[in-house]
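Before any comments, here is the structure.
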Amino acid sequence: MATILDVPQGNRIAAGVNRVLGSILNFLVSISTAQSRVRQIEFLCALSDEELAERGLSRQDIVRHVYRDAYYV
């Protein structure tokens, strides 16, 4: 069984850099997803009640509709 002491110094640094870069990438993806959802909510809020009804939505269901895949509500 290998321990951290058995791993060469360069590999530990590379693994640390990969973790940091992966975390940054995940953060940027989450920001992008959030911005996309906010734009979708703003678009739907700007529609009239009749236009929402044509889409099978009511005003109170907009947020639930936009986040339906993330929260299964």
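Of note:
- Flag for LEU44 being at pLDDT 95 or above, assigned to a helix (DSSP H, G or I) and surrounded by 10 or more Cβ atoms within 10 Å (Cβ to Cβ): yes
- Looking across GLY56, GLY16, one residue alone is modelled with pLDDT of 85 or more and either among the acidic types (Asp, Glu) or more than 24 Å from the chain's Cα centre (by Cα) (or both). It is GLY56.
- Test result for GLY22, modelled with pLDDT of 90 or more, of a type outside the set (S, T, N, Q) and either in a helix (DSSP H, G or I) or open to solvent by 70 Å² or more (accessible area, probe 1.4 Å) (or both): yes
The values are calculated or read from the model by the stated rules, or taken from the named source; none is laboratory data. What you see is a predicted model, and the numbers here were worked out from it, not measured in a lab. Ideal geometry is used to build each Cβ from the backbone, glycine not excepted, and the neighbour counts take in all protein chains shown. Areas reflect the complete protein model, heavy atoms only, side chains present, ligands, DNA and RNA absent. Shrake-Rupley method; radii C 1.70, N 1.55, O 1.52, S 1.80 Å.
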